[in-house]
1. Check off (1) modelled with pLDDT of 90 or more; (2) surrounded by 15 or more Cβ atoms within 10 Å (Cβ to Cβ); (3) assigned to a loop (DSSP other than H, G, I, E, B) for residue 26 and give me the number that stays unchecked.
2. Restricting to the stretch 1-16, count the residues that are touching a strand residue (DSSP E or B) at 6+ places or on another chain (Cβ under 6 Å) and either closer than 20 Å to residue 141 by Cα or part of a loop (DSSP other than H, G, I, E, B) (or both).
3. Identify, by number, the condition in (1) touching a strand residue (DSSP E or B) at 6+ places or on another chain (Cβ under 8 Å); (2) assigned to a loop (DSSP other than H, G, I, E, B); (3) modelled with pLDDT under 85 that residue 154 doesn't meet.
4. Among the residues that make up the stretch 174-181, is at least one of them closer than 24 Å to residue 26 by Cβ, modelled with pLDDT under 95 and part of a helix (DSSP H, G or I)?
5. Being modelled with pLDDT of 95 or more and in contact with a helix residue (DSSP H, G or I) (Cβ under 8 Å, 6 or more places away or on another chain): is that true of residue 18 here?
6. Does residue 21 satisfy the condition of being part of a helix (DSSP H, G or I), without any contact (Cβ under 8 Å) to a residue 24 or more places away in the chain and surrounded by 15 or more Cβ atoms within 10 Å (Cβ to Cβ)?
7. Which one of the conditions (1) surrounded by fewer than 18 Cβ atoms within 10 Å (Cβ to Cβ); (2) at pLDDT below 75; (3) within 15 Å of residue 137 (Cβ to Cβ) does residue 73 fail to meet, given that it meets all the rest?
8. Search the stretch 86-142 for residues being in contact with a strand residue (DSSP E or B) (Cβ under 7 Å, 6 or more places away or on another chain) and within 24 Å of residue 164 (Cα to Cα), and hand back the single one that is modelled with the lowest pLDDT.
């Protein structure tokens, strides 16, 4: 009898487990649990996982349950907060709050910096020259934020190359099949929103030959014309300047000094 695996592919630990068993050709019985429908809170699932956590496994009478902290990125903390603050608004069709997002995005960036500098370093994988379960959990947590539209991987070639190596070792068809929901959510971001949030950034507003510099929370309506050097020029663009709960819309020529926090 094969082991039963209870999972939801929205859960990055669950995707990691699925990739592991499929890559190693371990027979299993898939038991999908839809968190969005609160199926993990049912009496039937509580008989498998009393704490109602996902993923869980059952082999006959033996049950392996709960999700331990070791399944997250080292020092991750609230790394997935942007996922909660951005993916859920995308699902409901309402814009995310850029002010609420700013500190969480900063923590996410610090975590990814630590991952690159202290754990991955110049190695092909987290624990050295061979892939390990740590890479599966790490990769799945990193790609969890891609549907936010923040462009994490495009700005981090080292992480993107690492994910590519893990994908090849797992087998591309397995990796892509397990990750297909994340791919769809990331692709859908362009259909759900047509503006860009830029938060906590120094902005130089150009008035002919003069300029004033200030710190603002902005919402830019696409498509801006962006020319990137050591700062970013954004020209001929409608801008919504956020003042607490109110906002003013105007057309400006801007120069943004890096690094802005951009949620596209």
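1. Just one mismatch for residue 26, condition (2).
2. Selection size over the stretch 1-16: 4.
3. (1)
4. Yes, that holds for at least one residue.
5. Here the answer is yes, as residue 18 does meet what is asked.
6. Spelling it out, residue 21 is indeed part of a helix (DSSP H, G or I), without any contact (Cβ under 8 Å) to a residue 24 or more places away in the chain and surrounded by 15 or more Cβ atoms within 10 Å (Cβ to Cβ).
7. (1)
8. 105
The values are calculated or read from the model by the stated rules, or taken from the named source; none is laboratory data. Everything numeric in this text was worked out from a predicted model, so none of it was measured. Note that each Cβ is placed from the backbone with ideal geometry, even for glycine, and that neighbours are counted across all protein chains shown.
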